[in-house]
Amino acid sequence: MNIALSGTTQRQISIDAFRAITLILMIFVNDHWTLVNIPSWLEHADANKDAMGFADVIFPAFLFIVGLSIPFAIQSRLKKQPSVFKIELHIISRALALLIIGFFYVNMGNYSHEAVLPAPLWKALATIAFFLIWLDYPNDGKHNYWKVLRVIGIVLLVILAFLYKGTSADGPVWMQTKWWGILGLIGWTYLIVSSVYLLSRNKLWVMVIAFLFFVLFNAATQLGWLDMLKGVSKYIWIVGDGSMPALAAAGVISSMLYRNPSVSYQKFWIFTLFSSIALIAFGFATRPLWGISKIRATPSWVTICIGISLVAFAVMIYLTEIKGYKRWYNYVKAAGSITLTCYLLPYLHNVFLELVPYRLPVELRTGIIGLLKSMAFTLCIVFIGNLLEKWRIRLKL
């Protein structure tokens, strides 16, 4: 039984379902800051520890899924618009949008109470501006109001940037790229790996070489062999250590095999089994060199997470494509199809929390009950996302 439809670039439900589950878990673990006395294994491990918590697996899985989607998206565009140059411009524009959003969100955490606008208002207006600029407007040629709204969003974002004032030990500062934030890291990773895949002309061996290069680059960084480059690539070093592109490149390789009509499910499962075992074994074998750490983005963390993501994707294919268990996906569809929109909704919720002094009693934020509260919150976000998708209110990058 072939795991991909012959000759098609149609998006498979297994990828969207995998993305939906991953985003749900991402929102869930991101809400843990509101809780107390929850199991430590659910949280991120400290940077100075040789350890990995459940939360440390979620983001790399999402980057792996970014890679899974790249061959489908680019091959689909190549059929409609064979110009490699125009597709590369599209890739750059999407990456730039993610970098801008990530840049603003990173600086929200450093917003000064001495700024002209109150922090909640500035944060809310920034999120509204993102929606005005990148909303999925109807493109029927009859309605041009979206052009006005997009200009309003751009102007609003420029004004907010001008009014921004942050805090630092040396006094007030403007927005800074201390790091690019989750969305910014995704943007850099998408730009690098999509460009490599586009130039590879769908050649598997090129992506394998790229993946090995990123892993080796990551290892060389951890061993201090590339310290002389830190001053040159100061602002992209977090992604430039190779860890993020390695995760996405692994997803691209898996996707290329998945959508290949000559690769049966059995062959794909064998590939997944041996690859995941090899990667996890590499991670533990090299653990004494650099430890397992998400914060430090060590090669052990990278390869172990890729191994876990490979198995999770194969299981999702089996459940959705082979066994046909798809009905559950309808309830969380927004998390898989309008992922960025759902990801931004908690930011608006956090603005609301800043405006309203009331907090849930500590009894409802403790232990198992607190975890159930976080999952209920996550499902509420997905429910709102489903409504927004139904009303066609969604971001499109």
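Values as computed for the structure displayed
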| read-out | value |
| --- | --- |
| Ranked packing of 274-280, 120-126, 83-89, most packed first, by mean Cβ within 10 Å | 120-126, 274-280, 83-89 |
| Accessible area of region 1-138 belonging to carbon and sulfur atoms, whole % at 1.4 Å probe | 62 percent |
| Formal net charge of residues neighbouring A55 (Cβ-Cβ distance under 9 Å; K, R +1; D, E -1) | -1 |
| Helix-only [θ]222 nm of the chain, DSSP H runs n ≥ 4, -39500 (n - 2.57) each, per residue, nearest 500 | -21500 deg cm²/dmol |
| Cα centre as origin, Lys/Arg/Asp/Glu Cβ charges: the chain dipole, Debye | 1240 debye |
| Gained length - S93 relative to I270, 0.36 nm times residue gap less alpha-carbon distance | 60.0 nm |
| Three principal axis lengths of region 103-200 [C-alpha, angstrom, descending] | 48, 39, 16 |
| Sum of side-chain charges, T34 neighbourhood, beta-carbon under 11 Å (Lys, Arg +1; Asp, Glu -1) | +2 |
| When each of K123/K178; K49/K178; K294/K333; K123/K396; K86/K396; K80/K396 is checked by Cα-Cα distance, pairs over 27 Å | K294/K333 |
| Alpha carbon centroid spacing (whole Å) that separates region 161-219 from region 79-128 | 14 Å |
| Peptide ranges 294-307, 179-192, 352-365 listed from the most packed, as the mean C-beta count within 10 angstrom indicates | 294-307, 179-192, 352-365 |
| Highest to lowest packing among 242-250, 340-348, scored as the average C-beta count within 10 Å | 242-250, 340-348 |
| Positive minus negative residues near L198 (Lys, Arg vs Asp, Glu; Cβ under 13 Å) | +4 |
| For region 1-150, accessible area per residue (1.4 Å probe, heavy atoms of protein chains only), Å² | 47 Å² |
| The chain, relative contact order in percent, only Cα pairs under 8 angstrom and at least six apart counted | 31 percent |
| Calculated diffusion of region 278-328, Stokes-Einstein form, Kirkwood radius summed over Cα pairs, 25 °C and 0.890 mPa s, µm²/s | 202 µm²/s |
| Label point at R287 placed 7 Å out along Cα→Cβ; residues across region 24-60 whose backbone nitrogen lies under 13 Å | 50-53 |
| FRET efficiency, 1/(1 + (r/R0)^6) with R0 25 Å, evaluated for I384 and V151 via beta carbons | 0.35 |
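The values are calculated or read from the model by the stated rules, or taken from the named source; none is laboratory data. Being a predicted model, the structure only gives us computed values, none of them experimental. Using ideal geometry, Cβ is built from the backbone for each residue, glycine included, and neighbour counts are taken over all protein chains shown. Heavy atoms of the whole protein, side chains included, go into the accessibility calculation; ligands, DNA and RNA do not. Shrake-Rupley method; radii C 1.70, N 1.55, O 1.52, S 1.80 Å.
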